[in-house]
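See structure below.
The values are calculated or read from the model by the stated rules, or taken from the named source; none is laboratory data. What you see is a predicted model; the values in this text were computed from it and never measured. As a convention, Cβ positions derive from the backbone with ideal geometry for all residues, glycine included, and neighbour counts pool all protein chains shown.
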């Protein structure tokens, strides 16, 4: 039995945060039903596609989910979704505040028919702001990609606030389910990408406030012993020698033992960074890795994504999965947390648009004739 087996999730999220949360809930055993409009999610058609309407994004993030397509703008569509929610444990939704209330699918209405439901809303800025936004907008507003200490802003490789919000939603849902065991009641969860992005800067915020109160220089994100340096062949080494024992080994590695006692010489920070930069630039990345050998002191290469996927670390943790399907061989990055008992697994590929609509309606008690009428009326 998997960790979340027996938990029923209705996933009406259209974008990355909710899709990622629903993916992980499914990986760990929950029954997840993915709800889409009859036109399908936009992410189905993200480039590249393995088949029409089956993008690699969709195949990754919507695995372990059954697919159900419904038009909630129609009264019958609203009634169907409410029936699905009657015995559900979790409802994930990612619409702007107030949207679902137009169709009688707000928390208060759903709570009246299922007070045990955990209703999780994931938005850009919480329930009191209707501003539209994606991850890049949010991290900018939260000051997360304002890289003053390195000289410019950037587009992060990872959608930080979106993935972070998906993880926050996952942990909040699990806490709410645990609380339900004690109280017998579900609750409403308000997950905000902005709040996630801001709270993730806990170390930077604490440093900023400390500097304001004491007048000391702000620590920033880097120091000479915690930085990235360019090698002779234009590759990079990460130096994370925070502990004095690691700093000492690093100084010995680069032949600058005289720097050992200057680990906290912040008065000459730029000088220290330049000395280290000049030393690292003397050798190629591979030469540095040979010099480091099996030593362990937090000096490591900056890998490309392809190098990371092919690394021994990835292989050892069994993070890459592959399954045969009717669409051919499908590859997945596995769930990140290993349990000592039952492990996460990929049990089904992501659904075609509305692939399981008829099956699920039958489970809800609809007859063949009723289902045919719903199809004809474009409710499903």
>> Go through the range 134-180 and report how many residues are modelled with pLDDT of 90 or more and outside any loop (DSSP other than H, G, I, E, B).
In response: 28
> Inside the range 309-360, can you point out the residues that are touching a residue at least 60 places away in the same chain (Cβ under 8 Å), loosely packed, with under 15 Cβ neighbours inside 10 Å and more than 23 Å from residue 3 (Cβ to Cβ)?
Replying inline: 327, 328, 359
> Which of the residues belonging to the range 84-113 are surrounded by 16 or more Cβ atoms within 10 Å (Cβ to Cβ) and over 20 Å from residue 169 (Cα atoms)?
Replying inline: 84, 103
>> I'd like the full set of residues that are in contact (Cβ under 8 Å) with a residue 40 or more places away in the chain and exposed (fewer than 14 other Cβ atoms within 10 Å of the Cβ), limited to the range 244-264.
In response: 245
> If we scan the range 115-123, do we find a residue that is in contact (Cβ under 8 Å) with a residue 40 or more places away in the chain, exposed (fewer than 13 other Cβ atoms within 10 Å of the Cβ) and more than 18 Å from the chain's Cα centre (by Cα)?
Replying inline: yes
>> I'd like the full set of residues that are in contact with a helix residue (DSSP H, G or I) (Cβ under 6 Å, 6 or more places away or on another chain) and in a helix (DSSP H, G or I), limited to the range 260-277.
In response: 260
> Across the range 16-27, what is the total count of residues that are out of contact with any helix residue (DSSP H, G or I) (no Cβ under 7 Å at 6 or more places or on another chain) and farther than 14 Å from residue 120 by Cβ?
Replying inline: 2
>> If residue 349 satisfies all but one of (1) touching a helix residue (DSSP H, G or I) at 6+ places or on another chain (Cβ under 7 Å); (2) over 30 Å from residue 53 (Cβ atoms), what's the number of the condition it fails?
In response: (2)
> If you go through the range 184-200 one residue at a time, how many are closer than 20 Å to residue 137 by Cβ and either surrounded by 15 or more Cβ atoms within 10 Å (Cβ to Cβ) or touching a strand residue (DSSP E or B) at 6+ places or on another chain (Cβ under 9 Å) (or both)?
Replying inline: 10
> What number goes with the only condition from (1) surrounded by fewer than 18 Cβ atoms within 10 Å (Cβ to Cβ); (2) more than 30 Å from residue 297 (Cα to Cα); (3) out of contact with any helix residue (DSSP H, G or I) (no Cβ under 6 Å at 6 or more places or on another chain) that residue 226 does not pass?
Replying inline: (2)
>> Can you find a residue that is modelled with pLDDT of 95 or more, part of a helix (DSSP H, G or I), within 14 Å of the chain's Cα centre (by Cα) and at negative phi anywhere in the range 7-16?
In response: yes
>> Could you tell me how many of the residues in the range 210-243 are without any contact (Cβ under 8 Å) to a residue 40 or more places away in the chain and in contact with a strand residue (DSSP E or B) (Cβ under 6 Å, 6 or more places away or on another chain)?
In response: 1
